[in-house]
Each structure stands twice: as structure tokens, then as C-alpha cells.
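Novice: I am attaching a structure below and will ask some questions about it afterwards.
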Amino acid sequence: MKIIELKKINKFFGSGSNRVHVLKDINLSIEKGDFVAIIGQSGSGKSTLMNIIGCLDVPTTGSYQINGVEVGKMEKDQLADLRCKTFGFIFQRYNLLSTLSADDNAALPAIYLGLNATDRKERAQQLLRKLDLGEKLRNKPNELSGGQQQRVSIARALMNGGEIILADEPTGALDSKSGENVMEIIKSLHKQGHTIILVTHDSHIAQQASRIIEIKDGQIETDTRKKSEFNELKDKIQNIRRSRLSALKYSFLESLNMSLHAILSNKMRSLLTMLGIIIGIASVVSVVALGNASQARIMEQISSMGTNTIDILPGTGFGDRRSGKIKSLKVSDSDYLAKQGFIDSSTPNVSASGTLTYKNNSVTASLTGVGASFFEVKGRKIAQGREFTQEEVEKMASVVVIDDNTLNEVFPDIPNPIGEIILFNKKPLRVIGVTEEDNNPGPMSDSMHLWTPYTTAMYKINGTTDINSITVKVSDNVNSQVAEESVEMILTTLHGKKDFFMINSDSIKQTIESTTNTMRLLIASIAVISLIVGGIGVMNIMLVSVTERTKEIGIRMAIGAKQMDILQQFLIEAVLICIVGGFMGVALSMLVGWGFNTFSTTFGMDFSLSSIILALVCSSSIGIIFGYMPAKNASNLNPIDALASE
């Protein structure tokens, strides 16, 4: 029964004036179970003919059928399936993968057949033991002799059954004794029913076949049958059937395993590939962490100025030179605003500057008369003592709260000044509280500040009913912009005109938030550019990797790997490199953050889970985007061209 039939096969290489006619009208049929030797000198076309028979190459014209099925009409994946299930290749140079052990090399074709890891390992070791390699199962190719490597190659050819064994100069790279051993194995395979097609230029080797075909200048010169010995194949491998979902899962896990092996086998190359991603991810996460810390710091400083507050001052604005002479704001204005439903509290503010005297020590200080809710509204916390009460405001109590600067300057030897009497502009005031240190930057942060009830400041210190400003706290559930418009309308109505201006802390907060977000976005964009550069680096190195591993790709294709298998392996490899690089980048940024937070007392880095997750998603995306082209290039390689690569 004919297993192979070729009719009028022609093969051309090159084009135009460089076009070479390698095979010329080849007509050939091979019976199932036959042992055929194709002999000829170098350049005669015998290897090209074998490559066409093995579906590694395609004829330019002509018909080629296997078991009556036309090969020329098959897609690339169908040809790969045919190589996987029908053919077994024995190469002159063995073509073993240097990073795999003997049993892993032998088991490789069964991965693309769909055999599970345990079964294929068991079968590979069984085949190797039959070939007297039981003690070399875990040895890598560089730890084996030429004859041993060729026997591993034979085991690989038999892994999926090897109904047709294609042996290309199987003894060409071996010494005479090893060559004889290999030929004995091939003859025994013929007796077991394998169809053997052997290509050689050695007539002594060819004489051991049942049929000798001599090819010269691309044409069959002679076709001589020495004996008719056809054996039925005994070692048949059953097709493995899987559901679509199971097949996808199997394919993914095997590609993942191969990708991990490739990465670990080339640690330095993998690390260099990751470097751009590591730097890019570390930059993105660190920049976002710095941005978060900066924004939090600024928001904290704004909160200390007053949360959701509106300051009302006389005049038309900060540039109004007449504002100091305008006395339009009254306590009654503050009281009226305090009664509004959208206002939590309202306090008039009275300012005074003068001399603070304690015993024999006199200094210049600023005093502000405020309401009882001032400290809560402005976010000023009390370190010692207490705030003054509404009752003390109403009774014009001579009490004062001092800041930490006043404590350090006026009471250097008294850690707790509560109850001490000080004079401000010769008016006695009893200290009832000390505020916490004010860390807000600014020209006033080193000045000495005192706070007393506004009634005390008005009537006992300044001797006037004038106030300098009003501070209102807007209810939390009210929009500050709406509240500002309402306050403006109320005061304009009360005064008959707008003779004041307002400073809304929420507006300042929103402006600063917008500014910091813009700056963070700008810096993050720069970091993202570094990520893209890292991605291009991944692509370039993966392209180089494909070039370096062209021979490996050719071997995998020859033993049955489909385009999707190659694409998936290289794509997963790129994604894994980027994901691992992403985690290393996050770890690097965490290390930088730890060092920054450890040695910096005034500033820090605030890492967010969302930025870390986003960075890892970015690294995965980069692996997919920039890894696809090299993976696609690898999957589109021609098997015979890839095998010829060195």
C-alpha cells in the first residue's frame, strides 16, 4: 500500500536570473513499511526531496500525497499536525535543545501531541532505556557523546509513533562504530514496521536499505529494489482527544512551562530584558507615591488654615490700599451669619500688635481676638491647657492662648505656663492654653501669636467696636461655592453694597489639588515614557532572542509545533518577563520609599495599592503589546529555513 506518492515534483530556489531548478519532474511512490535510501552527491537535491517529503518544505509545482491525501492543499497547522503524528526526524547534527535533558528532548514531540507530562516522561525514558541510555536520562546534550546524542534524536523521532522515519545523513557526524550502532537501530526500526527514508551520500550505508534511489542533478537516475520487505507497524500511538477548553488549558500550561524554562535558562538575558521595565515601573510607582505624599502634605497644611471656611475681609481685595481704613464689618454681621442654616459657626476677628511683657522680658507679638469656635474652625490644636469658652467670650474674660513660639521665647524656663499672668500693651491676661507647633511654611510661622476672646480684644485691648475680619465655617453637607455666593448676597444686602472680599479655603484647596494632580500627571507621563522605552527594549531583545533561537524554533516546528504554539510560547515569555520586571520594579520603589521615609523627617512617600496594581497591569500590557511582534515573527518562520540557521 502506497503511503507516499509524488508526481511531477519541481522545486525552484531564487528568482530571475538567479533562479535555480533543484528538483525536476520527480515521480516517486513509497510503500508503507518500506526501507528506502536516497543517495546522491552534495547538491544533487536529495535533502530538498527529503524536506518536501517530511513537509518541512513545499514543492514549487507537482502533486504530493500521503495516504491518498493531497499535501499541497494543507494549511501550515495541518502540515505541523502531519509532522507531529506521522513523521519522525533523525538529523545529521542531532538538533537537540541544549537546555533540555535527554528525556526532555525525547519527550518534546509529545507536548505538541497533547500527551500529559507523566505519560510522556514515562514513554521517553522507556525509549531511551531501549536505546541503552538509561543512565543518561538527565544528561544534557553537551554531556553526551555524538552517538548518544543521535540515539536521543532517534528516541525523539519515535516519541509520537514515527510511522515514517526520515533520517538525513544519520551517521554523517559519527565515528564508524557509532555509525554502525545507529544503522543497526534504524534497521531494527524497519523490522518493527516503521517506514524508513534515509538520505545519504555513502553507498555502503545505502546498501543496507531494501530500495535504493539515486538522484543526480535534481532527477532520479536509478531506482533499484534489492528486496521486498514490508513490515506492519507495531508501536502505534492513539490520537489524544480533548475538549476545546481542556486543549486550550493544556496548551497554555505547557507554553507557560516552556517559557519559564527558557527564562531561567538564560537568566542574564532575561534580567537585561527586564531592566527597562524595572526602572519604568519603579519610576511610575515612586512618582505616584511622591505625588500622594506631596498632596497629602499640602492638604494637611490647608486644613490647618481652616477646613471648609470662608474668611471675610473689608475692601475689594488684597491690593486695595484703602482696606485698612474701611470699617464696614461689624459683630452684628457675624452674629447674623451664625444664624444661617448653612453656617456651622461664625466668629469675628480683631487684630492687634504690641508689646508682650512677662516679668523683665518684653517682646513684640501679635494678638488676635476670636470667637470660642476659632480653634476648631482653623484646625489649631491645643498642646497644653484649654481653649476659652463662649461664656468667657461673652464676659470679656482676660484670658489668652499662646502659641509654641511665645512659650519658647517668653517662658524658656517654665514648661507649663498655664495660670501665668502676662501683659499685652500693659493689659493683664491669664494664660489658659498653648497651641501645638505650627509646621506650616510661611513668613509668620516664626512669629509670636496670642489669641483672646474678641470681646476682650475689642473693649479691653483696642478700645473700639471695630473688627478686622469674620471667619465662618460652612456646614459639611453644603457646597462651599454655593455658601460663598449666599454669604456675599447676605452681606451685600446688609451693607447696601459690596465693600468686602472673601477667601474660600475650599477654592484654594481645589486649586492646589488641581495643580498637584497636573504636576503628578506630568511627572507620571514622563515615567510612562520610560515604561514605553522599556517596552521597546523588551521588543528589541525579544527580536534578538528570536534570531538567536531560530534553530530551536525550527526544531520545534519539525517535531509538530503549530504556529499558535510558537506564538503562545514567545508571547507568554515576553509577558512573564514584564510581569516579573513589574514586581521587581515595585519592590525597588518600595525599597526606595523605605529609605526615603527612614531618613527624611519632614517628607515621605505614600504608596497606594491602586498605583501598584496599575503599574503591574501596565507591565503586563507592555509584555503583550511589545512581545507580540517578535512572537508573531517566530511563528511565521519557515521550518526548513529555521533549521538551516546557525
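Novice: Report the residues of region 86-105 in range of a label on Leu260: point 7 Å along Cα→C-beta, backbone N strictly under 17 Å from it.
Specialist: Counting backbone N atoms under 17 Å from the label point, the list is 100-101, 104.
Novice: Where both partners of a DSSP beta bridge lie in the chain, what percent of those bridges are antiparallel, to the nearest 5?
Specialist: 65
Novice: In nm, to one decimal, how far is the modelled label at Thr492 from the one at Glu436, with both set 7 Å along Cα→Cβ?
Specialist: 4.0
Novice: Could I ask something else about it? Would you mind computing, in nm to one decimal, how far apart the modelled labels at Glu70 and Ser17 are, each placed 7 Å from Cα along Cα→Cβ?
Specialist: It is 3.7 nm.
Novice: When ligands, DNA and RNA are left out and all protein chains stay put, how many square angstrom of accessible area per residue does the chain have with a 1.4 Å probe?
Specialist: 48
Novice: Quick one: divide the alpha-carbon radius of gyration of region 547-646 by 2.2 N^0.38 Å and tell me what you get.
Specialist: Dividing the Cα Rg of region 547-646 by 2.2 N^0.38 Å gives 1.57.
Novice: Mind scanning Lys136/Lys236; Lys191/Lys236; Lys7/Lys191; Lys330/Lys460; Lys8/Lys216; Lys130/Lys551 and naming the pairs with a C-alpha gap bigger than 19 Å?
Specialist: Over 19 Å apart, Cα to Cα: Lys136/Lys236; Lys7/Lys191; Lys130/Lys551.
Novice: Rounded to the nearest whole Å³, what is the per residue volume of the convex hull around the Cα atoms of region 1-110?
Specialist: In region 1-110, the Cα hull volume divided by residue count equals 147 Å³.
Novice: Turning to a different aspect of this structure: Per Stokes-Einstein, at 10 °C and 1.306 mPa s, what whole-number D in µm² s⁻¹ belongs to region 64-141, with the Kirkwood radius over Cα pairs as the hydrodynamic radius?
Specialist: Values: Rh = 14.1 Å.
Approximately 113 µm²/s, per Stokes-Einstein.
Novice: Estimate the FRET efficiency between Ser98 and Lys177 by the formula 1/(1 + (r/R0)^6), using the beta-carbon distance for r and 35 Å for R0, to the nearest 0.05.
Specialist: Working: r = 25 Å, r/R0 = 0.71.
Step by step, r from the Cβ atoms, then E = 0.90.
Novice: Follow-up question, since we're still on this one. Long-range amide H contacts for Ser469: which residues qualify at under 5 Å (H placed 1.01 Å from N, peptide plane, sequence gap of 5 or more or a different chain)?
Specialist: Asn349
Novice: Next question. What is the distance in Å between the Cα centroid of region 605-635 and that of region 27-56?
Specialist: 48
Novice: Is the shape of region 171-234 rounded, prolate or oblate, going by the alpha carbon gyration tensor and its root eigenvalues a ≥ b ≥ c, with a/c under 1.5 for rounded and a/b larger than b/c for prolate?
Specialist: oblate
Novice: So what are the three principal axis dimensions of region 387-431 from its Cα atoms, in whole Å, longest to shortest?
Specialist: 33, 22, 15
Novice: Using a 1.4 angstrom probe on heavy atoms only, work out the carbon and sulfur share of the accessible area of region 148-306 in %.
Specialist: 52
Novice: Go ahead and estimate [θ] at 222 nm for the chain from helices alone: -39,500 (n - 2.57) per DSSP H run with n ≥ 4, summed, over the residue count, rounded to 500. Could you put the intermediate results ahead of the total?
Specialist: On the way: 19 runs with 302 residues, N = 646.
Estimated from H runs of four or more residues: -15500 deg cm²/dmol.
Novice: Ignoring chymotrypsin sites (Phe, Trp or Tyr not before Pro) that are buried or in helix or strand per DSSP, and keeping those with at most 12 other beta carbon atoms within 10 Å, what is the longest stretch of the chain between them? Provide the component values of the computation, followed by the final result.
Specialist: Details: sites that count: Phe318, Phe603.
The longest uninterrupted stretch comes out as 1-317.
Novice: Sticking with this structure for a sec: Please go through region 10-94 and write out the GluC sites (Glu not before Pro) that DSSP classes as loop and that have at most 14 other C-beta atoms within 10 Å.
Specialist: Details: sites: Glu31, Glu70, Glu75; in loops: Glu75.
Here the GluC sites (Glu not before Pro) that fit, given the DSSP loop and packing criteria, are Glu75.
Novice: Please quote Rg/Rh for region 139-258 to two decimal places, taking the Kirkwood radius as Rh and restricting both calculations to Cα atoms.
Specialist: 1.07
Novice: Hey, another quick one. Of all accessible surface on region 349-464 at a 1.4 Å probe, what whole percent is carbon and sulfur? Don't skip to the answer; put the middle values down first.
Specialist: Values: 2630 of 5590 Å².
That fraction is 47 percent.
Novice: Along region 542-553, what does the Karplus equation 6.51 cos²θ - 1.76 cosθ + 1.60 (θ = phi - 60°) give for ³J(HN,Hα), rounded to whole Hz, x for Gly and Pro?
Specialist: 5, 5, 5, 4, 4, 5, 5, 9, 4, 5, 4, 4
Novice: Could you give me the radius of gyration and the Dmax of region 219-283, taking only the C-alpha atoms into account and expressing both in angstrom?
Specialist: 24.8, 74
Novice: Computed from the mean reciprocal separation of all distinct C-alpha pairs, what Kirkwood hydrodynamic radius does the chain have, in Å?
Specialist: 32.3
Novice: In addition: What FRET efficiency comes out for Lys216 versus Ser610 if R0 is 41 angstrom and r is the Cβ-Cβ distance? Round to the nearest 0.05.
Specialist: Efficiency, from the Cβ-Cβ distance: 0.05.
Novice: Next question, about the same structure. Classify region 352-465 as rounded, prolate or oblate from the Cα gyration tensor: take a ≥ b ≥ c as the square roots of its eigenvalues, call it rounded if a/c is under 1.5, otherwise prolate when a/b beats b/c and oblate if not.
Specialist: Rounded.
Novice: Using only the Cα atoms of region 79-122, build the gyration tensor, take square roots of its eigenvalues as a ≥ b ≥ c, and label the shape rounded, prolate or oblate: rounded if a/c is under 1.5, else prolate if a/b is larger than b/c, else oblate.
Specialist: Oblate is the answer for region 79-122, as a/c is 1.5 or above yet b/c matches or exceeds a/b.
Novice: In degrees, nearest 10, range 0 to 90: what is the angle between the Cα axis of helix 267-305 and the longest Cα principal axis of the chain?
Specialist: It is inclined by approximately 10 degrees.
Novice: Now, a different point. Tell me which GluC sites (Glu not before Pro) from region 146-229 have a DSSP coil assignment and no more than 16 other beta carbons within 10 Å of their own.
Specialist: Glu229
The values are calculated or read from the model by the stated rules, or taken from the named source; none is laboratory data. Quick caveat, the model's predicted, so the values are computed rather than measured. We place every Cβ from the backbone using ideal geometry, glycine too, and count neighbours over all the protein chains shown. Only protein heavy atoms, including side chains, enter the accessible area calculation; ligands, DNA and RNA are left aside. Shrake-Rupley method; radii C 1.70, N 1.55, O 1.52, S 1.80 Å.
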